[in-house]
Amino acid sequence: IVSEKVAIIGSGVIGQYWAMIFASGGYHVSLYDIDQSQVSRSLTAVKERLERYEQQGCLRGQTSAAEQVVLISGHTNLTECLKDAIYVQECVPEVAELKTKVFEQMDEMLSDSIVAASSSSCLGPSMFAGGMKNRDRVVVAHPVNPPYFIPLVEIVPGPWTAPDVIQKTQSIMRKVGQSPVTLKSEVPGFALNRIQYSIINECWNMFKEGILSAEDIDVVMRDGLGPRYAFIGPLETMHLNADGIVDYCKRYADGAYKVGQTLTIPPVQYDVPTA
Ligand code: NAD
């Protein structure tokens, strides 16, 4: 059991999963929300889920569900929740004004060594932390739902995020068994959604052109690319599909370029299907 404390701000879907993940790594977890009834509901949900996962054999960490449950406490007082925390994971709804307000509330309470991470899916730190005195302590650590079973975390620094904040976030994520990747700067969609939307754009274009049915598009992914990418990434695939990546490029770059030339630009706006 580590004696360090992590604070979680917002105890909804993602806040609850983070509480379970940090407790599985042995951290003391303070879970904060705006009203006591939500805090109580979340603590009950977390306890029930940890016990169920233990029975089902999918509990994370080296300790029992009961040992993990006692590490998690609920709070409606922000100062008390943040006291002595080495790391904060904000999980309030994805509304820039609300995140700005919550980070402003926390600003005076942040120490020089703390990490204040946001679970934000789309908003980079500059969209909610720019006016803070301690904006150098803020970073995005974006999980993928459900983070208890999907380890990827996208670490996205703002223009002023301190290097030690990025390193500490990487380190704590690895300690609790998540798999962090670090972007150099804020880009729309971060990494996962940029790749995901490239795929969706082409699926949409093929469907619109009548080249593939909707069912067959899903088969291409489910029974083709999906199983492959569940085990190895696209660059590893290139490396293994030839005698290394240079050989792959020699063999296939021309073909890939020609196919690339036929890809249509992403639609500015999706046509919403009528039926
Ligand atoms: P949610 O609506 O389930 O939970 C939000 C919680 O924040 C609620 O319990 C609410 O009471 C609380 N809250 C509201 N105002 C607050 C305040 N001022 N101070 C403290 N708590 C407050 O939302 P969620 O799905 O858990 O999403 C949280 C964040 O995680 C969002 O930024 C979202 O984009 C991101 N995220 C969500 C998912 C997902 O699939 N749900 C995946 C990755 C990232």
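The values are calculated or read from the model by the stated rules, or taken from the named source; none is laboratory data. From a predicted model like this one, the values you see are computed outputs, not experimental measurements. For neighbour counting, all protein chains shown are included, and Cβ atoms are generated from backbone atoms with ideal geometry for every residue, glycine included. Ligands, DNA and RNA are stripped out before the accessible areas are found, and what is left, the full protein with its side chains, is counted by its heavy atoms. Shrake-Rupley method; radii C 1.70, N 1.55, O 1.52, S 1.80 Å.
Things to note:
- Residue, farthest from the ligand (Cβ to nearest atom), within the range 6-18, restricted to residues that are within 22 Å of LEU110 (Cα to Cα) and touching a helix residue (DSSP H, G or I) at 6+ places or on another chain (Cβ under 9 Å): VAL6
- In summary, MET109 fulfils each of the numbered conditions (1) near the ligand (Cβ under 10 Å from one of its atoms); (2) open to solvent by 60 Å² or more (accessible area, probe 1.4 Å); (3) of a type outside the set (Lys, Arg); (4) touching a Leu at 6+ places or on another chain (Cβ under 8 Å) with the single exception of condition (1).
- Members of the range 1-13 found to be surrounded by fewer than 24 Cβ atoms within 10 Å (Cβ to Cβ) and within 18 Å of PRO151 (Cβ to Cβ), listed by number: VAL13
- Test set (1) away from the ligand (no atom under 15 Å from the Cβ); (2) open to solvent by 20 Å² or more (accessible area, probe 1.4 Å); (3) in contact (Cβ under 8 Å) with a residue 12 or more places away in the chain - PRO151 fails condition number: (1)
- Considering residues of the range 19-51 that are out of contact with any Phe, Trp or Tyr (no Cβ under 9 Å at 6 or more places or on another chain) and either among the aromatic types (Phe, Trp, Tyr) or on the phi > 0 side of the Ramachandran plot (or both) only, the residue nearest to the ligand (Cβ to nearest atom): TYR32
- Among the numbered conditions (1) within 19 Å of GLY15 (Cα to Cα); (2) within 12 Å of the ligand (Cβ to nearest atom); (3) surrounded by 16 or more Cβ atoms within 10 Å (Cβ to Cβ), the only one that VAL139 does not meet is (2).
- Summed over the range 18-65, the residues that are acidic (Asp, Glu) and either touching a Lys or Arg at 6+ places or on another chain (Cβ under 9 Å) or surrounded by 23 or more Cβ atoms within 10 Å (Cβ to Cβ) (or both) give a count of 1.
- Positions within the range 203-245 being more than 28 Å from PHE149 (Cβ to Cβ) and either outside any helix (DSSP H, G or I) or in contact with a strand residue (DSSP E or B) (Cβ under 7 Å, 6 or more places away or on another chain) (or both), in sequence order: GLU209, GLY210, ILE211, LEU212, SER213, ASN241, ALA242, ASP243, GLY244
- Residue match in the range 84-101 (condition: within 15 Å of the ligand (Cβ to nearest atom), at pLDDT 95 or above, farther than 20 Å from LEU43 by Cβ and surrounded by 22 or more Cβ atoms within 10 Å (Cβ to Cβ)): yes
- All of (1) touching a helix residue (DSSP H, G or I) at 6+ places or on another chain (Cβ under 9 Å); (2) under 21 Å from VAL6 (Cα atoms) hold for GLU186 with one exception: (2).
- Residues of the range 174-202 that are open to solvent by less than 30 Å² (accessible area, probe 1.4 Å) and of a type in the set (Gly, Ala, Ser): GLY189 alone.
- VAL181 of a type in the set (A, V, I, L, M, F, W, C) and not in a helix (DSSP H, G or I): yes
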